[in-house]
Amino acid sequence: MAVERTFSILKPDATERNLTGAINAMIEKAGLRIVAQKRVQITKAQAEQFYGVHKARPFFGELVEFMISAPVVVQVLEGEGAIAKYREVMGATDPAKADANTIRKVHAKSIGENSVHGSDSAENAAIEMGQFFAGNEIVG
Ligand code: CMP
């Protein structure tokens, strides 16, 4: 399998509970390398753009408000099959349905406050990385 990069967000419910280190440990234990990382307060416009695909969903407004409610940590993760691997490490969107020992099973509070985001495809990973990182900020 090819070495890939994926985009990750440690969401406000995670940063507020000081879980950055605990979640990063789970990411690194799975063999993914954190090749870029910064803590940012995202704007409403950035959150609306990032989650634009969900604009028509009933939870869109709540999702945007949550994502700007506290700082987040944005990351680029690198590794063999990183996109699928990170989705495995995160677990299902709804923590009640997530497998044991996944980030969401261990740490998420609810389907909305679910601690982490990870890209769902190579195409979206490229778009999402480009929204938050300049190429020279990613050091593999
Ligand atoms: P994420 O992987 O970041 O992508 C879209 C997000 O929408 C998802 O994680 C959840 O946090 C959020 N989401 C999905 N379904 C719901 C829901 N039913 N209610 C609230 N938020 C949701």
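How do the pairs read when you match residues in the range 104-126 that are within 15 Å of LEU77 (Cβ to Cβ) with residues anywhere that are within 9 Å of the ligand (Cβ to nearest atom) and of a type in the set (Val, Ile, Thr), using Cβ under 9 Å and keeping only pairs 6 or more apart or on different chains?
VAL116/ILE9; HIS117/ILE9; GLY118/ILE9; ASN124/VAL53
Just one of GLY140, GLY130, GLY61, GLY135 is farther than 23 Å from ALA2 by Cα and either charged (D, E, K, R) or surrounded by fewer than 15 Cβ atoms within 10 Å (Cβ to Cβ) (or both); which is it?
Result of the check over GLY140, GLY130, GLY61, GLY135: GLY61.
Given the condition in a helix (DSSP H, G or I), under 12 Å from the mean Cα position of the chain (by Cα) and either at positive phi or not basic (Lys, Arg) (or both), answer yes or no: does some residue in the range 48-59 qualify?
Checked against the condition, which is being in a helix (DSSP H, G or I), under 12 Å from the mean Cα position of the chain (by Cα) and either at positive phi or not basic (Lys, Arg) (or both), the range 48-59 yields at least one hit.
Applying the selection to the range 103-134, what residues are touching a helix residue (DSSP H, G or I) at 6+ places or on another chain (Cβ under 6 Å) and among the hydroxyl-bearing types (Ser, Thr, Tyr)?
Within the range 103-134, SER115, SER119 qualify.
For the range 13-37, which positions are surrounded by 12 or more Cβ atoms within 10 Å (Cβ to Cβ) and of a type in the set (D, E, K, R)?
ASP13, GLU16, ARG17, GLU28, ARG33
Residue check: is ALA122 within 22 Å of LEU19 (Cβ to Cβ), surrounded by fewer than 21 Cβ atoms within 10 Å (Cβ to Cβ) and out of contact with any Gly (no Cβ under 8 Å at 6 or more places or on another chain)?
no
Can you tell me which of VAL64, VAL72, VAL106 is touching a strand residue (DSSP E or B) at 6+ places or on another chain (Cβ under 8 Å) and of a type outside the set (S, T, N, Q)?
VAL72
So which residues in the range 38-54 are within 12 Å of the ligand (Cβ to nearest atom) and surrounded by 12 or more Cβ atoms within 10 Å (Cβ to Cβ)?
ALA47, PHE50, TYR51, HIS54
Report those helices (runs of 4 or more DSSP H) wholly inside the range 60-140 carrying at least 3 residues which are away from the ligand (no atom under 15 Å from the Cβ).
122-132
No lab work stands behind these numbers, since they all come straight from the coordinates. Note that the coordinates shown come from a computational prediction; the quantities given were computed from them, not determined experimentally. With ideal geometry, Cβ positions are generated from the backbone for all residues, glycine too; neighbour counts draw on all protein chains shown.
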